[in-house]
Amino acid sequence: MDYDLARIDYTLCGITYPDSLKILPATEHKSQQKFVVGDKNGVLQCLSIKDEEPLVQFKTLPGKSITSVQLASSSGNNAEKIFAASGNEVKGYTRKGKVFLSIETSVAETITSMCVFGSDLVLCSGRTVTFYRELQEIYCYMCDDRVLDAVAFTTPNNIKVRLLVLIANKEAIIIENGSLYKRTYIAAGPTRITVPSCLHATEICVFYGGADGSIGVIFYEESILSSKCLVEGCCLGSVMCVGWFNNSSGTHLAVGRHDGSIQLYLINTENLKEKPRLKFTYFCGEPVTSVYGGCIGTEEPELLATTFSGRIFGLRSRRLVSGNVPTSNTKTVDAFVTRRSKLENEVARLEKQVANERDKYQRNTRSIYPGISAPPLLDIQYELSGATSNSWQEVKIISAVALDMLFIYCENKLDLQTDSAAVLSLCSAQEATHPELLATVRCQAGTRRLWLRMRTVSSAETQVEGTRVLIYVLPAGAPRVARLIKLHLPTLPHYSKYEPIEVEEKNSCWCELRVSGGFSVAEMTAWLSEALPGELPRPANNVAFARSHTILGTSLICRYQRGLAVFKSDNISTIAVLKDVISNCCVKRNIRADISCDIPDDYCIISFQNIKDKFKMEYDKNKDIEIKKAIRSLDLNEISINEETQKLLCKDYLQIFKKSDEDAETNFHDLIEAVKNWYLDWCKLSLNIQYNNDITILQNALKECLLEDITEILSKH
Amino acid sequence: MQASTVQPVFKLELNHKVTPGIVTIAKYDGIHSCLTASAGYDKIIIHHPHGAVISGRVQRSQAHGEVSELNLSQAVIALAAGAIKPDIARDMLLIGSPNQILAYDVHDNSDIFFKEASDGVNVIVVGHFGKYNEKLVIIGGNSSVMALNWQGVEQFWNVVGGKVCSMITFDFDKDGENELLIGCEDSYIKVLKNNQFVMELAETGPVICLSQISDVRFAYGLANGTIGIYEEGIRLWRVKSKQNSVSLQWSSENLASCWANGRIDWRDGTGRVVRRVQMRSNAAAMMLADYRCVGAPDLICVSDKGEVLGYPLIQENVSLNATSKRFPSEEDRLAITELLNKKQALLVELQHYEANSSSTANDDIERPSTAMPTNTRLQVAIAADSEENCLQLVISTNNDTLVRTAMVLAEGIFESGETLARHPHSNQLKSILYIPLKPPRDVPVDVHIKALVGYPDSEQFHIFEITKQLPRFSMYTIIVSPSIMKTPIESHVTFRITERVQRICIWLNQNFLLDEEVELENEDTKDLHISFLCLRDMCRLEIEYSADGQVKMSTSDIRLAGDLVQSLAIYLNLTDLQSTARFPEAEEKLRAEMSIVSEVGETRYRLAAETAEKAQLITALLPAAQDAAAYDLKEMLNRYKEVILLNEELLLNCHIRRATQEQAVTSLKNLHTILQQAARLRVGKYSKAVVTACRKAVNDNNVEALVKILQVGDT
């Protein structure tokens, strides 16, 4: 790590959403920059820092939550303008805080992100991207999934505007003139994009930060939109914001993550596709919502960041923080002392005020005429991911106040994992016969973010309903209220990977499930949400989407309209589960529906052929891991293994032993289970008689990876 | 939370694995420190960076030039070092094996003594204790402690309740003489003074490390991840972690704690983390020693891969921030961050009250689902439930609000984890909730209750927190109906005290969970008879006090009797108490265990001899077989067959030996438990006398004497 930056806290604001802090460009006569920040309370404030003390330039009254703040791009005549989106409104402010523009747009949902480009305004809200020119709506493009972020570019002849849009189904698309121009799929799941300032106006090249913590570039060259991952996620949280930081050594990409990490990557501006070099990492302990560089407190550039709970702090070079340099500037010292005492006084005053209010509140508890205690909802955000390779589903919880405990309840048994800093304690069940889960998670002091991983232990009983999990979140301080989070673990948690619908053309052995009856599209969407993780497309006349299995790679294609739904999959077990889920829903809703399946006779054998290579690979990997385990338990000395003269291990074993631990996970057992279930489901759905004997033979053959035996059994009927 | 990191002042690699916990630092030549550790089953490594010449049995290691190896034929369980030999300043190495202890002079390459330890060796400490002039070697076994002098002569012996996990010598009562603090597997820290237990501190898990941090304070660490500090028997603070502590040391006004996963953190006077570092692999040990020869000790951390890191006690950069008029330092920045943290928390709380009062102002609007009347209060009671064999914790609200869920936080009383929770099914929600508690031990327990109160469809619930204390004997409920009191209880302990009956009543009220306090019928009542029922196994306990000061406690459980005697003695401030006891079950068990112990001892010698004989045969046969390969393959095969047969026999023998060894250890442990319980029926010098007499009787294999001691004490 090259840079030594230290934290300086400036001030507090309300809860902030991603990308709601911006640094204003420097003016001619002053090099120190101001910044604007908008928060959940609807307050937009413009601040400058003098001697580390924040000075308010202007501040608006509270109102609707501000979800995005943008500055006009440097080109054009309104470079100094600030745009703030709240709900479906956009307001424009001058540097002085005067409102010069206020429009109520026609978008149905909250604006989550926007982009100002000359006199054009691009709004992302829900699934739509809306394009405004001169405050007139030009077009509105409907995407397949939620829109995450968008940037605008001009076409080479400088007439049209191209939009590069990130969509939640892990796609990046280019929209031109209101229609789809190009698209690409990015496995990392980009969440935020930013345009490097060194770019030529006509080139399209952006940096993205992914949901898996990775960083990469998306570029459009020779009529192809493609992407390249530059930095792997390596166990860091998902990226929440990206920004730029320039100093004497060059241009840096600043990345703020969900796990509280802030990183600086040095970018080669000549070759953007070169791997950026990590220069600095800082952990602030709570999700970072914005991060930008600028000359804020001093003449030297520093990094400015906001967090979810509303902390605004700078990261500046340590020699400017703890002055080992002899300082003649006694003014700073005095300023610091006054700042500190001012803050101390303020805290003391607040303490008194809070004590008064607390008293009042507690007096109420003893009064005969009871009032009502209705505390506002705790600010807690959470997100449930689809199942990853080991079937774990992760929920991330972030809170504006420090957490004390979580209490988790589920009617079924679950496996649980949590942060290493928290203490997970499983309670004994309430009744011996009932398979419940009661667990508590005790957090370390100051915890504001936490993840929990869970997976169902036995899928058999929960197949139809999905699993409901209740999490009670208890904060450490006041208000003494606990918020309840209800989670639903779907029946097919592995289908979290979005695929283009073209996956249908894949050469595979497809099983089909056809449902017809008196249901609406909305109802079908609701039923599917029991089975599939993540968000489903909004109900429309005709819905079609595809997902794929994170371990097996099998696909599921859903097409439905009013009264008819067709599901295709090359995984027969998926079809079997879906059939159960839908028929169960129909019965519950009292809707008559005809359900029919179309299963190819040679399904099992063809499908197995498709995964055969993968199966063999996983088998070998599993074997290696077992051998490694055995070698490890011999407890050999590192030195004696490497000894040239006395060879303890044969070559093959030495190779296995030296393999890194990172890929020490296999899905071999999952694969066995899957193939077995395919066979069972195939027997069930195609009404073949199932031989008990066969299944044990099959299982043993799978375990030993006897490919010929497996093929023989699967192609028997 | 902000915590800065520290840089090590030195770093070295031993190139050997290190067994966690079996590490010590000693000055074998009296001047230079040498790190000594167990590197696997029976290998000891000695690191001598200062070039001390080591010869004899110790061999230079191939893996590292400054490391020497010492091979033993037995597993190394514990290591300690100290200048035990009078008038010699050199440290002697003490090596603990499963069944013996060896004192070895590394410098002179000579054995000082060798001693069998039938009760096993878990911990060895060297230090001054009580009135003994010379340094003693104190050995903690599976259920006993034994002290030896430098010649290997036993100085004293005592029984403890469980396996000894940690020990230190420490002047607990500040009388100028060291006491012995023993951390046991049965979750007690015991203070042994003058071979008599003067204090027991109940903890919530096996006590795996103890460390002196000042004249009056010591730190402790438990197997459930708790660490904390005691001062004069009062706990100052404790924190709990997921990891177990390997070692605790006092370092520049901070408690440095080394965790099993290789993390080291420094905590200030309240337990808050000030600094932390992470080693590259799991930790093996942490010690204080002057390893750089600079005149001041460093904190030396050893990882299980053999990495050694040294941290200075005092952070050098502290001195920089001495003057007041200076550029703001990093600490000041942290102070600002901290102030803003505080401000943020206060603002959130204030917002909550404001939002609340604004919603109360217009309460005509329909009630939001998270609201509830402000005068809602939570009531908590504890009642004995003899049908469910447990205590019922009853939580209820005073209006129509419901107890959605309740969590009980306490340590050491639940089967799994540190919490017990109740979350009724949504159609069984009531404003009252029962939580069954079953404390497994008779110790006072603090239970912390968090209840979430609201309505069935609430999205948010109010948290009510209450702490309740369960008295020591809460699992015993008073018997009101005298119908089942007919059969007399055979087992009992009786003693005589000179106290008024009223005092006994107060003791009962304080230590038992009673619906109504025990009161005397009138002023003149001089005697008392009271019966309890144990909720765990439904057996009876009767306490009688007659006018002449005779107390009779009748129960079939000798351990309970001991607990009662000790508790009463502490309450009444009795220094010495003699008693007579009659516990036929315990006596029966004592006889049985004694016969097993003596039997096993005999077979062990026989088996050992047999094994040695066969091993010798094999060593003769094996070269013979190899020779045969040269001229007669058939002969070779035959000889190898013999070797295999012998080997199998040897293995079988080994299994038998292990089984008998295990049996011997359990029997010895059971025996020691009974002896300890017998000692606990008496207080003070009588208790000590019981232990001494028992030791003698066990050594003489005199069962009847033991039973006699159990009954009447040592007379």
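Look at (1) open to solvent by 30 Å² or more (accessible area, probe 1.4 Å); (2) outside any strand (DSSP E or B); (3) under 26 Å from A:ASP144 (Cβ atoms) and you find that A:ARG559 fails only one, number (2).
Scanning the stretch A:541-570 for residues that are among the aliphatic types (A, V, I, L, M) and either within 26 Å of the chain's Cα centre (by Cα) or on the phi > 0 side of the Ramachandran plot (or both) turns up A:VAL543, A:ALA544, A:ALA546, A:ILE551, A:LEU552, A:LEU556, A:ILE557.
Here A:SER75 meets the list (1) small (Gly, Ala, Ser); (2) at pLDDT 85 or above; (3) open to solvent by 40 Å² or more (accessible area, probe 1.4 Å) almost entirely, failing just condition (2). Only residues that are within 7 Å of another protein chain (Cβ to nearest Cβ) and assigned to a strand (DSSP E or B) were counted across the stretch B:405-418, and they come to 2. Which residues, counting only those in the stretch A:401-417, are more than 20 Å from B:ALA451 (Cβ to Cβ) and more than 10 Å from every other protein chain (Cβ to nearest Cβ)? Of everything in the stretch A:401-417, those that are more than 20 Å from B:ALA451 (Cβ to Cβ) and more than 10 Å from every other protein chain (Cβ to nearest Cβ) turn out to be A:ASN412, A:LYS413, A:LEU414, A:ASP415, A:LEU416, A:GLN417. Taking the conditions (1) of a type in the set (S, T, N, Q); (2) within 30 Å of A:VAL288 (Cα to Cα); (3) crowded, with 17+ Cβ neighbours inside 10 Å in turn, A:SER508 satisfies each one other than (2). Listed by position, the strands (runs of 3 or more DSSP E) inside the stretch A:1-115 whose residues that are farther than 30 Å from B:GLU338 by Cβ and over 32 Å from the mean Cα position of the chain (by Cα) number at least 3 are A:99-104. Among the residues making up the stretch A:507-525, those that are of a type in the set (A, V, I, L, M) and touching a residue at least 40 places away in the same chain (Cβ under 8 Å) are A:LEU513, A:VAL515, A:VAL521, A:MET524. The residues of the stretch B:240-277 that are hydrophobic (A, V, I, L, M, F, W, C), open to solvent by 20 Å² or more (accessible area, probe 1.4 Å) and at pLDDT 85 or above, listed by number, are B:VAL246, B:TRP250, B:ALA260. Can you go through A:THR332, A:THR338 and tell me which one is modelled with pLDDT under 85, assigned to a helix (DSSP H, G or I) and at the interface with chain B (Cβ under 8 Å from one of its Cβ atoms)? Testing whether each residue is modelled with pLDDT under 85, assigned to a helix (DSSP H, G or I) and at the interface with chain B (Cβ under 8 Å from one of its Cβ atoms) leaves just A:THR332.
Filtered by the rule that a residue be surrounded by fewer than 21 Cβ atoms within 10 Å (Cβ to Cβ), in a loop (DSSP other than H, G, I, E, B) and within 10 Å of another protein chain (Cβ to nearest Cβ), the stretch B:419-437 gives B:PRO424, B:HIS425. Looking across the stretch A:432-451, the residues that are within 10 Å of another protein chain (Cβ to nearest Cβ) and more than 29 Å from the chain's Cα centre (by Cα) come down to A:HIS434, A:GLU436. Among the residues of the stretch B:449-462, those that are within 11 Å of chain A (Cβ to nearest Cβ) and in a strand (DSSP E or B) comprise B:LYS450, B:ALA451, B:LEU452, B:VAL453, B:GLY454, B:GLN460, B:PHE461, B:HIS462. Exactly one residue out of B:ASN109, B:ASN122 is over 19 Å from B:PRO86 (Cβ atoms) and surrounded by fewer than 20 Cβ atoms within 10 Å (Cβ to Cβ): that is B:ASN109.
The set of residues in the stretch B:405-417 that are in contact (Cβ under 8 Å) with a residue 12 or more places away in the chain and open to solvent by 20 Å² or more (accessible area, probe 1.4 Å) comprises B:LEU409, B:GLU411, B:GLY412. When A:PRO376 is tested against the conditions (1) surrounded by fewer than 17 Cβ atoms within 10 Å (Cβ to Cβ); (2) at pLDDT below 80; (3) within 11 Å of chain B (Cβ to nearest Cβ), the lone failure is (1). In the stretch B:638-651, the condition of being touching a residue at least 40 places away in the same chain (Cβ under 8 Å) and assigned to a helix (DSSP H, G or I) is met by no residue. For the stretch B:125-135, the set of residues classified as crowded, with 17+ Cβ neighbours inside 10 Å, within 24 Å of B:GLN676 (Cα to Cα) and more than 22 Å from the chain's Cα centre (by Cα) consists of B:GLY130 only.
The numbered conditions (1) touching a residue at least 60 places away in the same chain (Cβ under 8 Å); (2) over 33 Å from the mean Cα position of the chain (by Cα); (3) closer than 25 Å to B:ARG582 by Cα are all true for B:SER491 except (2).
Against the criterion of being within 12 Å of another protein chain (Cβ to nearest Cβ) and open to solvent by 40 Å² or more (accessible area, probe 1.4 Å), B:GLU465 qualifies.
Condition check ((1) of a type outside the set (Ser, Thr, Tyr); (2) farther than 22 Å from B:GLY205 by Cα) across all residues:
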residue: B:VAL380; (1), (2): yes, yes
residue: B:ALA384; (1), (2): yes, yes
residue: B:GLU388; (1), (2): yes, yes
residue: B:SER396; (1), (2): no, yes
residue: B:ASP400; (1), (2): yes, yes
residue: B:ARG404; (1), (2): yes, yes
residue: B:VAL408; (1), (2): yes, no
residue: B:GLY412; (1), (2): yes, no
residue: B:GLY417; (1), (2): yes, no
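Counting only strands (runs of 3 or more DSSP E) that fall entirely inside the stretch B:163-246 and contain at least 2 residues that are farther than 21 Å from B:VAL121 by Cβ and either within 14 Å of chain A (Cβ to nearest Cβ) or more than 13 Å from the chain's Cα centre (by Cα) (or both), the qualifying elements are B:196-202, B:217-222, B:226-231, B:234-240. Checking the stated criteria, A:VAL503 turns out to be outside the structural domain of A:ALA400 (by TED's automatic domain parsing), at pLDDT below 80 and open to solvent by 10 Å² or more (accessible area, probe 1.4 Å).
The values are calculated or read from the model by the stated rules, or taken from the named source; none is laboratory data. None of the values given here were measured: they were computed from a predicted structure. Glycine gets a Cβ as well: all are built from the backbone with ideal geometry, and neighbour counts include every protein chain shown. In case anyone asks, the SASA skips ligands and DNA or RNA and just uses the protein heavy atoms, side chains included. Shrake-Rupley method; radii C 1.70, N 1.55, O 1.52, S 1.80 Å.
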